[in-house]
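The values are calculated or read from the model by the stated rules, or taken from the named source; none is laboratory data. These numbers come from a predicted model, not from an experiment. Here the Cβ positions follow ideal geometry from the backbone for every residue, glycine too, while neighbour counts run over all protein chains shown.
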Amino acid sequence: MQTAAAYIRVSTDDQVEFSPDSQMKAIQKYAKDHDMILPQDLIFADEGISGRHAENRPAFQRMIGLAKTKPKPFDVILLWKFSRFARNREDSIVYKSMLRKQCGIDVVSISEQVGEDKTSILIEALLEAMDEYYSINLAEEVRRGMQEKFSRGGVVSQPPYGYRMGDNVFVIQPDVAEIVRKIYHDFLSGAGRREIAVELNALGVVTRKGRPFDNRRVEYILSNPVYTGMLRRSKNGRQSSGDPFNQREDMQVIPGNHEPIIDRETFDATQKRLKEAKRLYVKHAHTEGRPFMLKGVVRCSNCGSTLVMAMRNTSLQCHLYAKGQCDVSHAISIAKANTAVLERIKEDLRLGAVGVNVENQHKKKKPTVDATSMLLQKEKQKLERIKEAYAAGVDTLQEYREQKQKITARIEELSKSTTVEYHTPEQVSREIVKRIQASLEMLEDAAVSEELKNQAMRALVEKIIFNRKKNLFEIVYRDPFA
């Protein structure tokens with residue numbers, strides 16, 4: 001008698017003939033008729049999930065994972081149709097081959113009997129090819145239907161910030177729409193995207209998903225033509241970036257059936273200012289990849305974010321401040337920051353204060369009870385038990401010696417793996433001093449590349465906290481023994 005597992009999948013709720021209950025009843029009947037056991041815990045179901053990609057089906061992945069265990073938990077997987085297993089021939093071939101060759105588990109479609117002779121391979125492959133064709137064709141029909149609906153002004157996407165979904169039309173949310181109008185007004189009045197985001201966050205305004213605003217979210221609102229009563233969609237069904245009214249081949253903008261929040265004149269003026277801002281700052285769009293000595297190590301004292309290049313690559317600024325999510329500017333020229341950091345390192349070296357920041361870290365570094373320690377404790381208990389057994393006359397002296405030798409060797413082996421090396425703050429300080437002395441000359445050498453200086457700085461410090469109000473750099477040195 002074979003043990004069976006069942007896999008059930010439906011893509012939509014309106015497939016009554018393919019419903020989970022219908023599939024389950026048919027599979028249970030097949031198992032009974034073929035003298036198979038089908039335990040309740042071996043029934044796997046993915047409801048409302050496409051079969052195009054196996055990695056997106058949690059129940060399927062659980063079933064495959066269980067099938068790989070030893071000994072094998074079941075002998076066969078029962079399906080209502082092969083299309084339930086996969087609508088992608090690549091997935092079907094990979095998983096069926098793995099199950100049959102590596103696990104000794106067969107995959108059976110109860111409604112598509114393909115037989116056991118060699119022609120069954122061709123029939124099964126043909127069924128899978130037809131299933132994949134059906135899936136691809138269905139996806140194309142859905143896209144075609146959405147495109148047709150869109151061309152008539154129908155809604156085929158989620159409403160943007162300021163609208164809610166009505167009866168196939170976007171409906172204005174009055175209170176949120178006022179925020180949208182404020183964003184446009186403030187921007188045309190001279191406020192920057194970051195400045196607008198900071199003000200919105202200070203007022204407690206959040207996005208549709210409940211997140212704080214940043215400059216990118218503000219720019220998206222400022223460039224979305226939906227607020228003028230239009231609908232925008234790319235032919236592949238995804239939102240497109242760039243010029244909101246760009247009539248490129250892959251971009252479509254058509255009149256919608258919803259009420260606008262922003263008039264076209266205001267929107268056009270906004271786009272003109274956005275383009276001008278991009279024209280001015282386009283040269284600095286990809287500066288983050290350029291090396292500089294302090295890259296990645298200087299942090300904002302207000303929010304903890306990293307300071308990044310800004311202002312024509314000549315200064316640093318808090319990353320989140322630039323996005324409008326930090327309300328304290330930490331702007332400083334790179335030259336001043338380099339000089340201040342090097343002076344602070346030399347001052348710490350002169351005062352012998354290089355170990356202060358790592359001392360607390362080492363106080364916390366104590367041996368912890370782990371799996372090895374538990375094993376060590378058990379071996380010691382065994383040693384006590386064999387001693388008691390010898391004393392009670394259960395074991396002979398020879399038996400006691402042999403067991404004691406084995407256990408003692410095991411204890412020594414485990415003891416080596418649980419040894420924790422501890423360094424005093426004085427030892428840590430001396431090692432950091434050596435590292436500073438070895439690196440300082442290179443860090444001050446103008447002929448050395450910024451990339452090499454950055455590598456040396458990262459090896460020397462854990463992080464550098466910059467307090468703009470106090471104009472102070474606090475250096476947390478890297479643990480040399482970590």
Go through (1) at positive phi; (2) modelled with pLDDT under 80; (3) in the same structural domain as H330 (by TED's automatic domain parsing) for N471 and report which single condition fails.
(2)
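For (1) without any contact (Cβ under 8 Å) to a residue 24 or more places away in the chain; (2) in contact with a helix residue (DSSP H, G or I) (Cβ under 9 Å, 6 or more places away or on another chain); (3) farther than 30 Å from S329 by Cα, each residue gets a yes or a no:
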| residue | (1), (2), (3) |
| --- | --- |
| R385 | yes, no, yes |
| Y390 | yes, yes, yes |
| L397 | yes, yes, yes |
| Q403 | yes, yes, yes |
| E412 | yes, no, yes |
| A446 | yes, no, no |
| N454 | no, no, no |
| N467 | no, no, no |
Which of the residues belonging to region 179-213 are over 23 Å from R164 (Cβ atoms) and either in a loop (DSSP other than H, G, I, E, B) or in contact with a strand residue (DSSP E or B) (Cβ under 9 Å, 6 or more places away or on another chain) (or both)?
S189, G190, A191, G192
Take the residues in region 19-55 that are closer than 15 Å to A86 by Cα and hydrophobic (A, V, I, L, M, F, W, C); name whichever of them is modelled with the lowest pLDDT.
A54
Go through region 318-344 and give me each residue that's surrounded by 14 or more Cβ atoms within 10 Å (Cβ to Cβ) and more than 27 Å from V198 (Cβ to Cβ).
N338, V341, L342, R344
Pairs under 6 Å by beta carbon, first residue over 20 Å from L460 (Cβ atoms) in region 292-305, partner part of a loop (DSSP other than H, G, I, E, B), six or more apart or different chains?
C300/H330; N302/C326; N302/V328; C303/C326
Scan region 124-138 and give yes if some residue there is modelled with pLDDT of 65 or more and of a type in the set (D, E, K, R), otherwise no.
no
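Can we say Y477 is free of Cβ contacts under 8 Å to residues at least 24 places away in the same chain and aromatic (F, W, Y)? I'd like the intermediate steps shown before the answer.
Details: free of Cβ contacts under 8 Å to residues at least 24 places away in the same chain: no; aromatic (F, W, Y): yes.
Here the answer is no, as Y477 does not meet what is asked.
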Sole miss for I8 among (1) buried (at least 16 other Cβ atoms within 10 Å of the Cβ); (2) at pLDDT 85 or above; (3) assigned to a helix (DSSP H, G or I) is condition (3)
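Tell me yes or no: at least one residue of region 205-217 is without any contact (Cβ under 8 Å) to a residue 60 or more places away in the chain, among the charged types (D, E, K, R) and crowded, with 19+ Cβ neighbours inside 10 Å. First the steps, then the outcome.
Within region 205-217, the subset without any contact (Cβ under 8 Å) to a residue 60 or more places away in the chain is 205-211, 217.
Remaining after also requiring among the charged types (D, E, K, R): 208-209, 211, 217.
Narrowing the set further to residues that are crowded, with 19+ Cβ neighbours inside 10 Å leaves 217.
Within region 205-217, one or more residues are without any contact (Cβ under 8 Å) to a residue 60 or more places away in the chain, among the charged types (D, E, K, R) and crowded, with 19+ Cβ neighbours inside 10 Å.
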